[in-house]
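Have a look at the structure below before the remarks.
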Amino acid sequence: MNRRTALLMTSLLGSMFPASLLGQEARRAPRTRTREDRGFQPASSTSKASAEPIRDELQFEDDEPAGEDPPAGFSNEPGFQWKRYSIGRYTRVAQNQQNPQKALIDWIFRRTGANDWHGDKLAVLSASKTELRAYNSPEILRQVDEVVERFTGATDDVLSVHVQFIAAVDTRWRHTVFSRLQSVGSGPQGQQIWMMRVEDAALILSQMQIQQGFRKLADQRVDMVNGQTLTIKTAEPRTFSGGIQRESAAGTGFQPKADKLEESIVLRLSPLLAFEGDAVDGALDLTVNSVQSFQRTKIIAPREIGPSEMSIDVPVSYQTHLDQTVKNWPLGQTLLISGGIHPGIIDKKGGWFGTPLGAPSGTEVLVFLDVETAGRAKSSRARNTDVTAARPSDDSYYDEEEPADDPAPAPRARKTTRRATRGPDLDAEDY
């Protein structure tokens, strides 16, 4: 048998029998692979990782992180620890948000500070929609544990927030209730934060409704997910001539350029429920932009024909900013924020006949905040509706007051001075 014949026979036998028998396939040991964090894999390993199923997307609510060791090749810091947290249950509740996991990062920074994550030592804080990863000292990780637990183990995942913006022309609303206000903070431009009972807040609002000059700029009730950020904004554009622009090639083509400012009140609120479910920590960010006036100024325009002088406006504007976190804010207590005094916030700036006379003077920006869990808020509104429905009508009241011994009058047409029966009160949320 020559060499060519032997090679041909070997090829024929290889095509007729498999490389390994079925019995040998059953005894082969399965391949094992330790779970790795793809966030720390080099770019060259992306093709290998894409061939495997993504376990994070298949992780269920009660799954625990697979390990608390740093990824392979990660440089260790002395005394630092690696920890993973499953946050899939919370992010599924806030799935309407674009990045619900960002709320955990923001609150961890508020609790621990940013310096412990951006110092000389290597630290890690990152989150996906299923898992949060942290690498830091044991002291910092204990604070991270508490923040994550307040998100994932909250007694209620939805909070009901009531926000009201008031423009107060008179600061003497403090006269009767100032002794009942509990100061909980202040701002860099003289802003003040108080806490009060709901009854005292209702008294202040009722007095403002009676007096002239107090305007309600916003009144909203919103249900939001615990720990997320709610933005409430009311604004009014202000148009002015901020410069000039050429509208044609001719030398007379320069015209005033219309610019726009926005006079606004912007509140960003992020409430985080406590472990017991009876209080929140509220992160407040209040910005007030106001325009006092526009000063008319003459300028020389590069015109070849016609008058060279034109008029532009220079705005006189103000801004105040308050960024604070109110801790242990009990549910059922009203938070009142004074955003400072501004020149006629969200009001017309012109006086009478183009003069400063009649122009708005200083107005104080007030913000009333109420936070409740969604379950307690609904039950409270239901109780108020039941009490209103249980009140006797005016007709039944008058019927009870009529003496029973009087003889029944003869039936005849007569006028009555009784007022019409009032129906049940409508809650503000029904509008």
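One chain, two ends: R142 and S206. Fully extended at 0.36 nm per residue, the span grows by 18.4 nm beyond their Cα-Cα distance.
The convex hull of the Cα atoms of the range 155-269, projected and averaged over all directions, covers 12.3 nm². Taking only the C-alpha atoms of the range 77-233, the Rg (one decimal) and the largest Cα-Cα distance, Dmax (whole number), read 20.8, 66 Å. Checked against a 22 Å cut-off, the cross-linked pairs K83/K129; K102/K327; K102/K216; K233/K260; K233/K327; K121/K327 give Cα-Cα distances beyond that limit for K102/K216; K233/K327; K121/K327. A 1.4 Å probe run over the range 213-331, with the rest of the protein chains in place, finds 52 Å² accessible per residue.
Between E131 and I87, the built amide H atoms are under 5 Å apart, and every one of these is 5 or more places off in sequence or on another chain. A simple spin-label model places the labels of K327 and E304 7.1 nm from each other, with each point 7 Å out along Cα-to-Cβ. Computed from label points 7 Å out along Cα-Cβ, the spacing between E77 and D285 is 2.5 nm. Inter-label distance, R174 to Q192: 0.3 nm, where each label sits 7 Å from its Cα along the C-beta direction. Of the accessible area of the range 102-211, computed with a 1.4 Å probe over protein heavy atoms only, carbon and sulfur atoms account for 49 percent. Residues in the range 76-88 carry Karplus couplings, in order, of 8, 9, x, x, 7, 10, 10, 9, 10, 10, 8, 10, x Hz; the curve used is 6.51 cos²θ - 1.76 cosθ + 1.60 with θ = phi - 60°, and Gly or Pro positions show x. Protein-only accessible surface at a 1.4 angstrom probe places the residues Y318, Y85 in the order Y318, Y85, largest first. Using r as the Cβ-Cβ distance of L122 and D259, and R0 as 45 Å, what FRET efficiency do you calculate, to the nearest 0.05? Approximately 0.40, to the nearest 0.05. Which FRET efficiency, nearest 0.05, do V316 and D219 yield, Cβ-Cβ r, R0 25 Å? E(calc), rounded to 0.05, equals 0.25.
The values are calculated or read from the model by the stated rules, or taken from the named source; none is laboratory data. As the structure is a prediction and not an experimental result, all values here were calculated from the model. Glycine also receives a Cβ, built like all others from the backbone with ideal geometry; neighbour counts cover every protein chain displayed. The accessibility values were calculated without ligands, DNA or RNA, using every heavy atom of the protein model including side chains. Shrake-Rupley method; radii C 1.70, N 1.55, O 1.52, S 1.80 Å.
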